[in-house]
Amino acid sequence: IQKINDACNCDSENLGSSWISSQAVAFITEPSSKEYDQNMFAVFASEDSESAVALLKEFASAVGELEELDFEGERYFRLQVGDFYGTAVGSVFGGLVDPFVARVEDAIVMANSENAIRNYFSAIQSGRSFLETEEYGDLQNHLFTDAHFVLYSSLAKSPSIFRNILDEKFDGDLERQTEVL
């Protein structure tokens with residue numbers, strides 16, 4: 001963090017994380033291979049998402065050039081801060097590197113790749129987001145009020161993730177059974 005502060009001559013913790021309120025989520029969307037770092041996301045709740053975006057844009061300008069981008073009416077930008085969120089917020093966010101940033105309602109969404117954040121926008125606009133699924137409704141009704149940590153995975157949609165973390169002896173079984181799952 002001190003290296004970032006020195007490089008940008010700014011208070012990176014204030015600009016990069018002071019706006020985060022009580023909830024933060026890290027997730028990976030359905031990767032098509034064992035290399036899924038490009039599908040890494042983080043969503044942070046914010047009491048005032050407009051102010052959060054202003055701070056994050058100031059942070060982006062301090063560490064480099066702020067380039068605002070647009071995809072189907074949705075605005076986003078890149079925050080080139082390396083693994084800042086893994087260091088400042090917690091190791092679960094360690095896979096988030098130089099994220100693309102967008103405001104979605106009252107939340108700040110970050111994704112490792114431009115393609116990932118554009119796919120996220122498309123999913124929301126077409127009603128295909130996880131929030132619209134029956135599984136999310138079940139989780140929300142039973143777990144979110146009491147849980148401090150929730151892990152959700154659709155085995156059928158995540159075979160590449162499981163192949164990456166299971167022993168080789170299970171990897172073959174999983175690959176042979178993917179259609180059944």
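Here's the yes/no breakdown for (1) of a type in the set (S, T, N, Q); (2) within 21 Å of residue 113 (Cα to Cα); (3) touching a Gly at 6+ places or on another chain (Cβ under 8 Å); (4) modelled with pLDDT under 95:
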{"position": "15", "(1), (2), (3), (4)": "no, no, no, no"}
{"position": "19", "(1), (2), (3), (4)": "no, no, no, no"}
{"position": "26", "(1), (2), (3), (4)": "no, yes, yes, yes"}
{"position": "30", "(1), (2), (3), (4)": "no, yes, no, yes"}
{"position": "33", "(1), (2), (3), (4)": "yes, yes, no, yes"}
{"position": "36", "(1), (2), (3), (4)": "no, yes, no, yes"}
{"position": "52", "(1), (2), (3), (4)": "no, yes, no, no"}
{"position": "58", "(1), (2), (3), (4)": "no, yes, no, no"}
{"position": "61", "(1), (2), (3), (4)": "yes, yes, no, no"}
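Screening residue 115 with (1) at pLDDT below 60; (2) assigned to a helix (DSSP H, G or I); (3) open to solvent by 70 Å² or more (accessible area, probe 1.4 Å) gives one miss only, at (1). The set of residues from the stretch 61-73 being touching a residue at least 40 places away in the same chain (Cβ under 8 Å) and either open to solvent by less than 60 Å² (accessible area, probe 1.4 Å) or within 19 Å of residue 11 (Cα to Cα) (or both) comprises 62, 63, 69, 71. Within the stretch 82-99, can you find the residues that are in contact with a helix residue (DSSP H, G or I) (Cβ under 7 Å, 6 or more places away or on another chain), touching a residue at least 24 places away in the same chain (Cβ under 8 Å), more than 14 Å from residue 38 (Cα to Cα) and not hydroxyl-bearing (Ser, Thr, Tyr)? Once the filter is applied, which keeps residues that are in contact with a helix residue (DSSP H, G or I) (Cβ under 7 Å, 6 or more places away or on another chain), touching a residue at least 24 places away in the same chain (Cβ under 8 Å), more than 14 Å from residue 38 (Cα to Cα) and not hydroxyl-bearing (Ser, Thr, Tyr), the stretch 82-99 yields 84, 88, 89. Close contacts from the stretch 100-119, counting a first residue that is acidic (Asp, Glu) and a second that is open to solvent by less than 20 Å² (accessible area, probe 1.4 Å), with Cβ to Cβ under 6 Å and a gap of 6+ residues or different chains, come to 106/49; 114/100.
The values are calculated or read from the model by the stated rules, or taken from the named source; none is laboratory data. Small disclaimer: the values here were computed from a predicted structure and weren't measured. When we count neighbours, we look across all protein chains shown, and the Cβ atoms used for this are built from the backbone with ideal geometry, even at glycine. SASA here: full protein model, heavy atoms, side chains in, ligands and nucleic acids out. Shrake-Rupley method; radii C 1.70, N 1.55, O 1.52, S 1.80 Å.
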